[in-house]
1. Note down all Cβ pairs under 8 Å where the first residue falls in the range 135-146 and is under 17 Å from Pro176 (Cα atoms), the second is assigned to a strand (DSSP E or B) and among the β-branched types (Val, Ile, Thr), and they're at least six residues apart or on different chains.
2. Out of Lys572, Lys546, which single residue is among the charged types (D, E, K, R), at pLDDT below 85 and in contact with a helix residue (DSSP H, G or I) (Cβ under 6 Å, 6 or more places away or on another chain)?
3. Can you give me the number of residues within the range 201-233 that are in a loop (DSSP other than H, G, I, E, B), modelled with pLDDT under 90 and closer than 27 Å to Pro280 by Cβ?
4. Inside the range 264-305, can you point out the residues that are in contact (Cβ under 8 Å) with a residue 40 or more places away in the chain, of a type in the set (S, T, N, Q) and not in a helix (DSSP H, G or I)?
5. Identify, please: which residue in the range 600-626 is of a type in the set (S, T, N, Q) and not in a strand (DSSP E or B) and is, among those, surrounded by the most Cβ atoms within 10 Å (Cβ to Cβ)?
6. Any residue at all in the range 265-273 that is modelled with pLDDT of 95 or more and surrounded by 14 or more Cβ atoms within 10 Å (Cβ to Cβ)?
7. Looking only at residues in the range 234-263 that are exposed (fewer than 13 other Cβ atoms within 10 Å of the Cβ) and among the hydrophobic types (A, V, I, L, M, F, W, C), which one is modelled with the lowest pLDDT?
Amino acid sequence: MKLSAPSRTATSVRAVTYVILGILVFVSAIAAVILDDFSFGQDFDKKAYDFLTRLEQPEPWAAESIILAIDEQTLSEYGGRTGIRAAIADGLDKIAGAHPRVVAVDVILAETGASESEDEKLEQAFSKTPHLVLDSYLLSADAWNNPLPRFRQYAAAVAQVHSDFDRYDGVSRDLPLATAAGHERRWALAFQAYLVANGVKDSEIEETPDELVPGGVHIPTADREGHTMRIRYTPLAMGGIPRISVAQLDSKPGLAAKFAGKAVFVGETAQAGGDNWTTPFSNGRTTPGVEMHANAYETLARRMFLVNASQTSVLLSCFALAMVAGFIYAFWSGWITNVGAAAVIIASQAIPAIAFSQSVVWPWLPDTLAAAFSLAASAAWRHLIVRRQLRKSEGEKDRYQRAMQFVTHEMRTPLTAIQGSSELISRYATTMPEAKRTQIAEMINAESKRLARMIETFLSVERLSAGQMELKQEKFPLADLVQRCAERARPIADRKRIEIEVEAIPAEELTGDRELMEYAVYNLLTNAVKYSPPETRVRVFGEDEKGDSVRLSIRDQGIGMDKKEVSRIFEKFYRTKRAEQSGEAGTGIGLSIVEQIVTQHGGSIQVESEPGKGSQFSLILRRSVS
């Protein structure tokens, strides 16, 4: 039967299909990231963020802030909104004895009140309130709506309340910590309250494009958006920030003790007040602005910061998912392909959730689109371009190529011996002594049997790798196998005056095909001799491994290999530069066959080598089970 070389056209077609798959995978990842920048992508990411905020809630804690509320009952008792200043004054007077840590007033005090007496009352209350923070409002790009000087004189600092919490959908997910008007910049009410409570001056705040660092605390922010910080809202189990109204203090003065050592946020909580916002927890309801500032303070005080995932990380994640999807459809088939595809989809959904549990905000859409696009593209590639028959025919042609290489390399020696001996008998048939003819005939017979064994070994390995044959399951002693291989290799070693030293071999039995294992060990021994200089030594030794394995090692003092060469020596037809320069014949198929034999026996091969200092091949083989 004449064997033909594999078709270069078929190989080229397969290479082109893989290139096409790679392009599809690359485009899928890039498209996923680009689409996330569109408005619909931002909307999806925000909805996912809200969902994860509700899902990944932190453990409840003792709040460090409290709200002095101007609620509906308080407004009713003080005559409506015109009585807010009197209500604030009474509330501050009632909690003064509790010595709060800081008092932040979320009420605009830029205009004269309903009556002078109420303003005087509030001014007196402020004069007795240490660590007071008042708010201001941004009127225009270069002007602030400031509190009246009579109130401002008692404030430790003036902050700002920025109403545009989220400019996309009105949900308050984050807070700009700094806002500038003209040449003056002011901190957000919650941040300014944090600074006053901790005695941090403006001059002590370090700023970078990615964070604010007040008093050594690193707050991740985005400078291009006014140092925007994500708010970590209190979990539902806490029921929100503690809230006590002025009306409640009037009826139960003992409640004032709850303000001791707390950051007090004073503001209107009545739903009709207009200062109400939607949060990820809202579920249709709104939250007073003063409570949102208190939540921002809790985020700062507890250092529960959320950071945005970097664009590089997201892009690499998209590439990884897309590459896995391509790998699945390129190398797997059947039901495992569906399992792998499902795993990719699950991973794309799990990544944002896992990241959020580690306080990292990971956009939901890019990974989801990367998984969906790459799986769809890979499935189409598999269906339209790669045919199972092509893979089958390529495998058959590859086996034919290996067979041809094996014939030209491994069978050359016995065929040469048979050919030369037969020519001697033919040429000197009449003059050759009988004893010599008998010797040559015996050699021809021995070499013929050797050739037959080699053919059978090779075909057995090929059938094993193709799944067409089961291994023999016979038991044989390892030490006896090693001794036999060493005796066969010694004549080759003697020609180069190389000593083969067989040290202690564990008295273990292996289970499998003895002839194949003999081929593997003999090949390693002859390679060690072949690539070692004269008058050196080849050591063969064994040792017990943990579990049910035994290690057999063959160490030489030969030419050695570098790390790059070691990583490739089991590739079919690969030879190192030193091996080619040594003048020794070979095609690089022997070690590939050895690896197949050992792998089919449930073992593995380890290689240690250094150029000029030799190599050590170790077979980790499984013992026989009694």
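The values are calculated or read from the model by the stated rules, or taken from the named source; none is laboratory data. Here the structure is a predicted model, which is why all the values come from computation and not from measurement. For neighbour counting, all protein chains shown are included, and Cβ atoms are generated from backbone atoms with ideal geometry for every residue, glycine included.
1. Asp135/Val105; Asp135/Val158; Ser136/Val158; Leu138/Thr179
2. Numbers: Lys546 fails: in contact with a helix residue (DSSP H, G or I) (Cβ under 6 Å, 6 or more places away or on another chain).
The match here is Lys572.
3. 5
4. Thr269, Thr278, Thr279, Ser282, Thr287
5. Taking the range 600-626 as the starting set, the residues that turn out to be of a type in the set (S, T, N, Q) are 600, 604, 606, 609, 615-616, 618, 624, 626.
Remaining after also requiring not in a strand (DSSP E or B): 600, 624, 626.
On the way: Gln600: 18, Ser624: 16, Ser626: 5.
The extreme case among them is Gln600.
6. The answer is yes; a qualifying residue exists.
7. It comes out as Leu236.
Matching residues to (1) part of a helix (DSSP H, G or I); (2) touching a helix residue (DSSP H, G or I) at 6+ places or on another chain (Cβ under 8 Å); (3) at positive phi; (4) of a type in the set (Ser, Thr, Tyr):
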residue	(1), (2), (3), (4)
Phe319	yes, yes, no, no
Ser333	no, yes, no, yes
Phe356	yes, yes, no, no
Asp367	yes, yes, no, no
Leu375	yes, yes, no, no
Ser378	yes, yes, no, yes
